[in-house]
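Working notes, structure below.
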């Protein structure tokens, strides 16, 4: 017996933003599929340059476009022994209606396509394309709001990958393997990670209303979302807030290069840890050690005690920074002649991942 | 102490001196009431001032064409402040006289102030020293004043130190004499803790003053701010592996200009820069480039040494890399003594 083909008409429709989200919602309701979303930012609209990317093993072909939505076919060519192979799939680019330079790559293709083709394609475009990072606090807030808004009775964490920062002096604990968190509720899980000075790299959780299982969702620190149901609710609760975070990143990280100012003055940023983070002198060594783990960078220490002054070069695009710790609460990041958005984001992401999370502020605001 | 440690100490001294210059000048620039910088106070680092006819010869009979104090402050009352900042002071007392001779040359009706006639009505002469040396130097001055050391204008010694507390301060206090400017004098008599965080924007943009920086520090500045900028314009920069290099060709003059624009006291001088030396000096940059050539990190394009080809590589710690190489160079050539005296 022929099953009804939902997929072909879905791809053949020229979606606008609204119909795309509704369409994915309907597809998930009818088929055993998952939808995945990667929110990201880039200066130029993907439609203008994705199809022109040459070199590399992944090529995007524009299939159709309509009101802020484009459909692409992405092909990955690779060798399996002596055999030339190809794998293809489709994805949409959703242009955020409000935030210029913010986009979402959406796909309902298989996990293999996402993992081996689409995600490496997007990640490989760094630093032209940047994603974001969701702090532990923000992640918790998003989950709480999602649960409250939709009146779900439980969000049960089924799998999680967490990273812990410093365990003991001089030792940095590496990534822990994916751990099952059977029947652990959010509060318990978040408290455990917080108390162990860590953060979730990814969370997979079951959404329940009373005893009914509504959906299974996963959400990563980079803001990548997967769900097998209730896509429009997930889009509203997770994808759009991540887009907002990306937009805020662009706003606060943008135009920080000294070269952009006629008198070459500096425009520092501050990470406000909100507590006596550097009250002990031993914190200096921990911070320096954490910074030295920054990859594709030069990290030099000009002064390490009692205050910290470091010089950092980002080898992706040649951005440079001075870092200062001059009181117990603040890390001051001073972008030098070039301080690109992607390099600032990477630097702060690294501080949050390997040392501690804080609130990002403009220097003038933080030192009022 | 190893050569590496010596270099690190010298770099720290160099930075502390810059921080002390900025901190002290700010006592005159900053208006605590409006919490803004005063527009009518002009400050300079290394400004060229000409001696009067009475002081065109120094104590050794050599002609003085000009003096370049570390600190020059010009106040609305047409008065001023001239000073020297010494983070490190030689152990040998016989060498202390050299600093006093330099300061005595400032005790003069100098020309070149930013007034209509290039003069001031009066000015203070200030010696700013690290706390570890302030008292012995004061005693030295008191032993020799009115004999070999003579000042007709107010002479003041101020000590400074970096606080070891978790909130970082630079502490300033008068140990001898009184500053003419009452408000500043009142504060410094009792000692003032200046929070370093207030100056973080300036500290990050002023990295060189009119004293030759330690070689690895200057090389790092050139590398991270000039060589890197050019290298990053090459398409292969992003994917450049650690063992690969990019040949970057640079004019010496353009290196001087970029560092001058980006990292000197230039921005504090505003439009009054006609008497400012171009810092870094070209000979310092040449010296740093010579060192890069010696270390096989660069080669001269031709014998004129106007252009250099630098072999850019992605080092994990640029400063440490050059401290290590310069230290080896010092140790291999047996220049440790020479280096210590530099």
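Numbers at a glance
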{"item": "On Cα atoms only, tilt of B:282-294 relative to the major axis of chain B in degrees", "result": "30 degrees"}
{"item": "Cα centroid separation - the range B:259-331 against the range A:269-323, whole Å", "result": "24 Å"}
{"item": "Burial ordering of B:264, A:34, B:122, fewest other beta-carbon atoms within 10 Å first", "result": "B:122, A:34, B:264"}
{"item": "For residues of A:28-38, the mean tally of beta carbons on other chains within 10 Å", "result": "0"}
{"item": "Area projected by the alpha carbon convex hull of chain B, averaged over all directions, nm²", "result": "20.1 nm²"}
{"item": "Where labels lie 7 Å past Cα in the beta-carbon direction, separation of residue B:2 and residue B:148 in nm", "result": "3.9 nm"}
{"item": "Prolate/oblate/rounded label for the range A:219-294 (Cα gyration tensor, a/c 1.5)", "result": "oblate"}
{"item": "Relative contact order for the range A:237-368, counting Cα pairs under 8 Å that sit 6 or more residues apart, in percent", "result": "33 percent"}
{"item": "Ranked list, fewest to most other Cβ atoms within 10 Å of each Cβ, for B:108, B:117, B:12", "result": "B:117, B:12, B:108"}
{"item": "Folded to 0 to 90 degrees: helix A:282-292 orientation relative to chain A principal axis, Cα", "result": "50 degrees"}
{"item": "Principal axis dimensions, the range A:7-123 - Cα atoms, whole angstrom, descending", "result": "45, 36, 21"}
{"item": "Pairwise FRET efficiency - residue B:178 versus residue B:13, Cβ, R0 = 30 Å, nearest 0.05", "result": "0.60"}
{"item": "Angle in degrees between helix A:341-354 and the longest Cα principal axis of chain A, rounded to the nearest 10", "result": "80 degrees"}
{"item": "Whole-Å distance, taken between Cα centres, linking the range A:6-48 and the range B:157-228", "result": "58 Å"}
{"item": "Chain A: calculated mean residue ellipticity at 222 nm from DSSP helix runs of at least 4, using -39500 (n - 2.57)", "result": "-8000 deg cm²/dmol"}
{"item": "Between the range B:100-139 and the range B:1-73, the Cα center-to-center distance that results, in Å", "result": "10 Å"}
{"item": "Estimated FRET transfer efficiency when R0 is 45 angstrom, pair residue A:62-residue A:192 (beta carbons, to 0.05)", "result": "0.45"}
{"item": "Stretch gain in nm, segment residue B:251-residue B:109, where the contour uses 0.36 nm per residue and the Cα spacing is subtracted", "result": "47.1 nm"}
{"item": "Cα-based Rg and Dmax for the range B:127-245, where Dmax is the largest Cα-Cα distance (Å)", "result": "21.8, 67"}
{"item": "Proportion of all alpha-carbon pairs of chain A beyond 33 Å (%)", "result": "36 percent"}
{"item": "Segment residue B:116-residue B:53, extension gain: residue separation times 0.36 nm, minus the distance between their alpha carbons", "result": "20.7 nm"}
{"item": "Per-residue Cβ neighbour rank within 10 angstrom, fewest leading, B:219, A:333", "result": "A:333, B:219"}
{"item": "Relative contact order of chain A, pairs being alpha-carbon contacts under 8 Å that are 6 or more residues apart, as %", "result": "15 percent"}
{"item": "Contact order normalised by residue count of chain B, Cα under 8 Å, 6+ apart, percent", "result": "16 percent"}
{"item": "Number of partner chain Cβ atoms within 10 Å, mean per residue of A:294-301", "result": "5"}
{"item": "Sites residue A:112 and residue A:272, calculated FRET efficiency, Cβ-Cβ separation with R0 41 Å, nearest 0.05", "result": "0.45"}
{"item": "Debye-sum result for the range B:3-203 in log10 I(q)/I(0), which assumes one identical scatterer on each alpha carbon, at q = 0.13 Å⁻¹", "result": "-0.73"}
{"item": "Directionally averaged projected area (convex hull, Cα atoms, the protein assembly as shown), nm²", "result": "38.8 nm²"}
{"item": "Inter-label distance, nm, simple model (7 Å from Cα along the C-beta direction), residue B:37/residue B:62", "result": "3.5 nm"}
{"item": "Convex hull of Cα atoms in the range B:215-341, direction-averaged projection (nm²)", "result": "9.5 nm²"}
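A short reminder: the numbers here are calculations on the coordinates, not readings from a lab. Here the structure is a predicted model, which is why all the values come from computation and not from measurement. Don't worry about glycine lacking a Cβ; one is built from the backbone with ideal geometry, like all the others, and counts go over all protein chains shown.
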